[in-house]
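Sharing a structure with you now.
The values are calculated or read from the model by the stated rules, or taken from the named source; none is laboratory data. Since the structure is predicted, the reported quantities are computational estimates derived from the model, not experimental observations. Here the Cβ is made from the backbone with ideal geometry for all residues, glycine too, and neighbour counts use every protein chain on show.
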Amino acid sequence: MIYLQIAILGLVVAGGTMVALSRKISGQPIIVSVFGLILSLMFMVFQAPDVALSQIVVGAVGLPLMILLAIAKLRRDEQMLRRKRESDSGKERE
Amino acid sequence: MRRSWRMLLFFAGAAGIVCLFTLAAEPISQPRDVRNRYATAIISETFSQRNITDAVSAVNFDFRGFDTVGEEFILFVSVLGSLVLLRMVEDRKGKVLRDALEPWRDVGPSDAIRLWILAMIAPKVTFGIYIVTHGQLTPGGGFQGGVILATAALILYLGEGFTVFRDVISHPATEIVEGAGALGFVVIGMLAWVWGQPFLTNVLPLGKAHELTSGGTMALISISTGLEVAAGFILLLYAFLQENLSPVEET
Amino acid sequence: MQLAPLPVVVPLAVAAALAIIGKHLHRRIVDSISIATSAAVVIISITLTFQSANGAIVYWFGNWQPLAKSHFPIGICFAIDPIGAGLSSLAALLVLAAFTFSWSYFESVGALYHVLMLVFLAAMCGLALTGDLFNMFVWLEVMTAVGVALCGYKSEQSQSLQGALNFAVVNTIGAFLSLMGVALLYGATGSLNLAEVGRTLAAGHFSQGFVTVALLLVTAGFLVKSATFPFHFWLADAHAVAPTPVCILFSGVMVELGLYAIGRIYWVVFAQSAQPAPQTIRDVFLLMGSLTAVVGALYCFGQRHLKRLLAFSTISHVGIMLIAFSLLNPRALAGMALYLAGHGLIKAALFIGAGILLHRFGSLDEYDLQRSIAKRLAPIGVLMVLGAWGLAGLPPFATFFGEMRIDEIGSQQHLTWLPAITIFAEALTAAAVLRFTARVFFGVGRQGKSMVSAGAPHLHTDAETSGQHSRVPAFMWVPMAALIIGAALIAVPLRGPVETAAKHFESAPLYDAAVLRINAQTAAPRPYDRPFEAHGESEWWIPLLVALATLGAAAASLFPKSPRTAFARPIGAVLSKTVLELRRFQSGRVGDYVAWFAFGIAAYGSLLLLLH
Amino acid sequence: MEPALSYAAYAAAIWLFLIGLYGVVKSRHLVNLCLSLTVVQSSTYVLLTIIGYRPGLPAPIFTDGLKPGSAAVDPIVQALMLTDVVVEATVVALLLAITIKVHRDAGTADPDKVDMMRG
């Protein structure tokens, strides 16, 4: 049991480090949901099934979904801005 | 401030924080017996006084129910704040909107897939309701069950797209449910006043252990929390989805 | 039925109800309900203040009394003493003022604004009244969430929400560190009740290192909330985006609640164990307070945007109050309470003044407004001058009586340099307000920029009301005048009671006895030594010097070229240089702020551990 | 072995707190920043979990097989975390909403480029 617990703590550390250090935005939702899954595993092996359930529904589903939607929105805004900038510079040239 | 300076400042601080935590390891390195007091007291009171089996739910909805009131209102205001920011307050009716994220945009889901997805909704809702109502018996309760209920709405979106999602989950109604969930908790707390007891006192019959009706007001609080959480997450989903709509370009 | 839970329960219930039906009600009905609710909370809180003067009121939620045999608390309680209840009265009063002010304000809002403000009120009262460590953390988090939501309120018009984001991130990180401190204390003592944790710590022979670090960690979130140097950066940014009524609450009472929580936690949980040594606490918090007061004042003087100017003045005054706390003396604490009450009322009035300017002229910029014709608002200008007078800690305002007590105890503890700090902070902040008022409301002073304001951000503030307004509605100026008058009137009647209340506040045995129903004698396992107690001489010359310095600084910045202000020119040059250097640190970048946070925690932690 | 687990978890908590802070300090995108904040928060979970954990004891749910009132893992810290997990998700949602808004107004989501508040 204890080896399993230490191994999962290691996974938590690795997962958290990945989330904090990853720079690529598009991969974020997946990393976050994996991290959420690891956290809920941790709660499971430390005898906290209530928290594990809470973490799995929020961390592995709810939160990544909102991140996904937010990123999609940011990307669309980005495109819109770029298009606007291009049309602005096009006008200036004229 | 230059970034290199910032990092220097941060690393100095981080090194200091590591030292501080090392010095504060006493509860970890030499745990004392006093640390068990609260847990022991709660575990024995849970049964002698409340007839329920999940001690965590007992702490959440009874012993420390007042904390949960506060936590629930954090959720409440965060959801309201997000709605304000994402301009959900405004009425956007009348505009023809196109879902930019439309799942199955090009092909359209086959009927088999749609059926399959929709068939998942009923069990999901049942499961959510089960988790909400069995909080005092098994792991679960309003918080977890509420999120599960909200994911049922997500499945609806995946299967049928935003328009159906919007029609089924009417935004004003969901907002009312959210407010009702928050109000419900407070009102159940006030119920104790009728019996001349302090706020949040568990005044209803406690029922028998291992039964759904055990725990008195706990089940009611769990349900109202479940409503609040489910409605809150659905509203967030709604708001973030709506951000990804764009007016149909006229051609 | 007891009144104790009502300051939290009533606003929460009304807020939730308004969230449901508010949309269908007329705006004026929603306004009236909100005003009535906050007025009710004012009355309840004041009643509680009087009731608790005879002994702390303890209210156990869910009727979970401490266990009969061991007196071990298993529920959450409100432990209400006059200081806590007084602070909750102040919070409710300012919410009432904010609601009254927004009667003719925010013309296009639904009920959401009212809902958020009422939850804010409940959270502030909860923090002021609670006797539970984790419950404190919960209300701290509610305050952050609702504060951020309110910052984003005018998001339709505001140009940048960067301020709200900085606010959220820095405060949340602080709260997490507090939570870690709570977790460690819980692991060590097995309780979350303030009184029980304090008793166990005092009896338990815990290592000095652990107790010291636990103190720092638990208070970290509150140090951030109270905008102590170097955790203060977020405050000015948040004020710049927050609507005026929200600024009233941020500056008038939210920041001060952070200080209150630090005081409460220190006196109930840590003072009895005498670890860290009171001397160490005094030195470190004195340093914190002095740095905060000086830095805040410098930034304040160098602003041209009124809300930002007032925000930095709040930081500076928080420093003075932190100095008062650090003296660890009931009389100084009484001074702090008076100062806090006076400052809260005056700062709220000044923010209403800012709101009036914004309502009339759509700007808060000193030089933009100078060109317009704010002169017609002379009565408001007079109120602003009175407010500056109060900020300077001059009679008859409550700040004066507070300041006198602080300086008196300071001189008794042979801190001869302390008046220099308070005079500097008060004179500079008051002079900044005076300078702004003279230039904008009375058209005094040279056109064009003064030296110190060089490089100050020229922020565009969006109008909070729509349309042209040719007059100031009574809903705006009446609360402003009432707050200023109140800040003067409360001083004399409060002087006596607040001293008794402060003595009780600093007595952990009394608190423990009330909460845990134990005998006061057995409550203190160790003799409780109250450090540094006696009465000293009044320092009557300090207010005089503050007044002179205020007038001098304001005149020198208004008429930089006049020969009569030549005396101030070298000082002015040094000041502007310092302000210019300091500006680099207020970068508006959240990464910098978090780096400062880490550094500040580490620095104060090492000081607490190394100074003996 | 028992202390080893506690120390490991404590070290993990400190590491997560600091790496999360590092992520916030270093971040060049507001979404990264919000997510680093969740890492900081997970450090409090690890700490609370280990503080409430009692090796060898079962979870505090006394359905079948477990005698009511017998010793179990600390239920209080679990209750504190349970609500926090759900609630903080909505706080992150609020931050993401602000991110969207900041990005729309400032045209960038790099926290170091949106600095209208200097001085």
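It is to be established whether one or more residues within segment C:59-72 are in a loop (DSSP other than H, G, I, E, B), closer than 24 Å to C:PRO493 by Cα and of a type outside the set (S, T, N, Q). If you could, list the steps in order and put the result at the bottom.
First, the residues of segment C:59-72 that are in a loop (DSSP other than H, G, I, E, B): C:64-72.
Next cut, closer than 24 Å to C:PRO493 by Cα only: none.
So far as segment C:59-72 goes, no, none of its residues is in a loop (DSSP other than H, G, I, E, B), closer than 24 Å to C:PRO493 by Cα and of a type outside the set (S, T, N, Q).
Report whether or not C:LEU223 is part of a helix (DSSP H, G or I), at pLDDT below 95 and surrounded by 24 or more Cβ atoms within 10 Å (Cβ to Cβ).
Details: part of a helix (DSSP H, G or I): yes; at pLDDT below 95: no; surrounded by 24 or more Cβ atoms within 10 Å (Cβ to Cβ): yes.
The answer is no for C:LEU223.
Mind checking which helices (runs of 4 or more DSSP H) fall wholly inside segment B:1-109 and carry at least 1 residues that are crowded, with 22+ Cβ neighbours inside 10 Å and at pLDDT below 90?
On the way: elements: B:3-23, B:26-29, B:37-50, B:55-58, B:65-85.
Result: B:26-29, B:37-50, B:55-58, B:65-85.
Out of C:ARG282, C:ARG304, report the one residue that is touching a helix residue (DSSP H, G or I) at 6+ places or on another chain (Cβ under 9 Å), within 26 Å of C:LEU610 (Cβ to Cβ) and basic (Lys, Arg).
Numbers: C:ARG304 fails: within 26 Å of C:LEU610 (Cβ to Cβ).
Just a single option satisfies the conditions, and that option is C:ARG282.
Somewhere in segment C:596-609, is a residue under 23 Å from the mean Cα position of the chain (by Cα), within 30 Å of C:PHE210 (Cα to Cα) and of a type in the set (Ser, Thr, Tyr)?
yes
Before we move on, is D:LEU47 closer than 21 Å to B:ASN60 by Cβ, in contact (Cβ under 8 Å) with a residue 24 or more places away in the chain, within 7 Å of another protein chain (Cβ to nearest Cβ) and buried (at least 24 other Cβ atoms within 10 Å of the Cβ)? I'd like the intermediate steps shown before the answer.
Values: closer than 21 Å to B:ASN60 by Cβ: yes; in contact (Cβ under 8 Å) with a residue 24 or more places away in the chain: yes; within 7 Å of another protein chain (Cβ to nearest Cβ): yes; buried (at least 24 other Cβ atoms within 10 Å of the Cβ): yes.
Judged against the criteria, D:LEU47 is a match.
Now for a separate question. Hey, does segment C:223-230 have a residue that's basic (Lys, Arg) and away from chain B (no Cβ under 11 Å)? It would help to see each step written out before you state the result.
Taking segment C:223-230 and keeping what is basic (Lys, Arg), we get C:225.
The next check asks that each one be away from chain B (no Cβ under 11 Å); those that pass are C:225.
Within segment C:223-230 (the criterion being basic (Lys, Arg) and away from chain B (no Cβ under 11 Å)), the answer is yes, since at least one residue qualifies.
Identify, from the list D:VAL40, D:VAL85, D:VAL73, D:VAL102, the residue that is in contact (Cβ under 8 Å) with a residue 24 or more places away in the chain and at the interface with chain A (Cβ under 7 Å from one of its Cβ atoms). Walk me through it before giving the result.
On the way: D:VAL40 fails: at the interface with chain A (Cβ under 7 Å from one of its Cβ atoms); D:VAL73 fails: in contact (Cβ under 8 Å) with a residue 24 or more places away in the chain; D:VAL102 fails: at the interface with chain A (Cβ under 7 Å from one of its Cβ atoms).
Of the residues listed, the single one that is in contact (Cβ under 8 Å) with a residue 24 or more places away in the chain and at the interface with chain A (Cβ under 7 Å from one of its Cβ atoms) is D:VAL85.
Any idea which of (1) part of a helix (DSSP H, G or I); (2) closer than 18 Å to C:LEU12 by Cβ is the one C:PHE78 doesn't satisfy?
C:PHE78 satisfies every listed condition except (1).
Which fully enclosed helices (runs of 4 or more DSSP H) of segment B:134-251 have 1 or more residues being touching a residue at least 60 places away in the same chain (Cβ under 8 Å), crowded, with 18+ Cβ neighbours inside 10 Å and more than 13 Å from chain C (Cβ to nearest Cβ)? It would help to see each step written out before you state the result.
Values: elements: B:142-168, B:171-194, B:217-243.
Because the criterion is at least 1 residues that are touching a residue at least 60 places away in the same chain (Cβ under 8 Å), crowded, with 18+ Cβ neighbours inside 10 Å and more than 13 Å from chain C (Cβ to nearest Cβ), the helices (runs of 4 or more DSSP H) in segment B:134-251 that meet it are B:142-168, B:217-243.
Could you check D:TYR7 against (1) in a helix (DSSP H, G or I); (2) buried (at least 23 other Cβ atoms within 10 Å of the Cβ) and say which number it fails?
Just one mismatch for D:TYR7, condition (2).
List the pairs whose first member sits in segment C:571-584 and is part of a helix (DSSP H, G or I), whose second member is of a type in the set (S, T, N, Q), and whose Cβ atoms are under 9 Å apart, counting only residues at least 6 apart or on separate chains?
Note: pairs meeting the criteria are C:GLY572/C:SER450; C:GLY572/C:SER557; C:GLY572/C:THR565; C:SER576/C:SER450; C:SER576/C:SER453; C:VAL579/C:SER453.
Just one of C:ALA349, C:ALA341 is under 16 Å from C:MET384 (Cα atoms) and in a helix (DSSP H, G or I); which is it? Don't jump to the end; show me each part of the working.
On the way: C:ALA341 fails: under 16 Å from C:MET384 (Cα atoms).
Exactly one residue qualifies, and that residue is C:ALA349.
Sticking with this one: Regarding segment C:375-386, can at least one residue be identified that is modelled with pLDDT of 90 or more, of a type outside the set (A, V, I, L, M) and either crowded, with 24+ Cβ neighbours inside 10 Å or not assigned by TED's automatic domain parsing to the domain that holds C:GLN303 (or both)? Break it down into steps so the answer makes sense when it comes.
The first filter runs over segment C:375-386 and keeps only residues modelled with pLDDT of 90 or more, leaving C:380-386.
Adding the requirement that they be of a type outside the set (A, V, I, L, M) leaves C:381.
Among the residues that remain, those that are also either crowded, with 24+ Cβ neighbours inside 10 Å or not assigned by TED's automatic domain parsing to the domain that holds C:GLN303 (or both) are: none.
Looking through segment C:375-386, none of the residues is modelled with pLDDT of 90 or more, of a type outside the set (A, V, I, L, M) and either crowded, with 24+ Cβ neighbours inside 10 Å or not assigned by TED's automatic domain parsing to the domain that holds C:GLN303 (or both).
Pick from segment C:555-595 the residues that are more than 25 Å from the chain's Cα centre (by Cα) and buried (at least 23 other Cβ atoms within 10 Å of the Cβ): which of them is farthest from the other protein chains (Cβ to nearest Cβ)?
C:ALA556
Pull up segment A:26-49, narrow it to residues that are more than 30 Å from D:GLY56 (Cα to Cα) and more than 7 Å from chain D (Cβ to nearest Cβ), then point me to the one that is surrounded by the fewest Cβ atoms within 10 Å (Cβ to Cβ).
Of segment A:26-49, the ones more than 30 Å from D:GLY56 (Cα to Cα) are A:26-32.
Cutting the leftovers down to more than 7 Å from chain D (Cβ to nearest Cβ) gives us A:26-27, A:29-31.
Numbers: A:SER26: 10, A:GLY27: 12, A:PRO29: 21, A:ILE30: 13, A:ILE31: 19.
Here the residue is A:SER26.
Could you check A:ARG23 against (1) part of a helix (DSSP H, G or I); (2) within 8 Å of another protein chain (Cβ to nearest Cβ); (3) surrounded by fewer than 18 Cβ atoms within 10 Å (Cβ to Cβ) and say which number it fails?
So A:ARG23 meets the others, but not (1).
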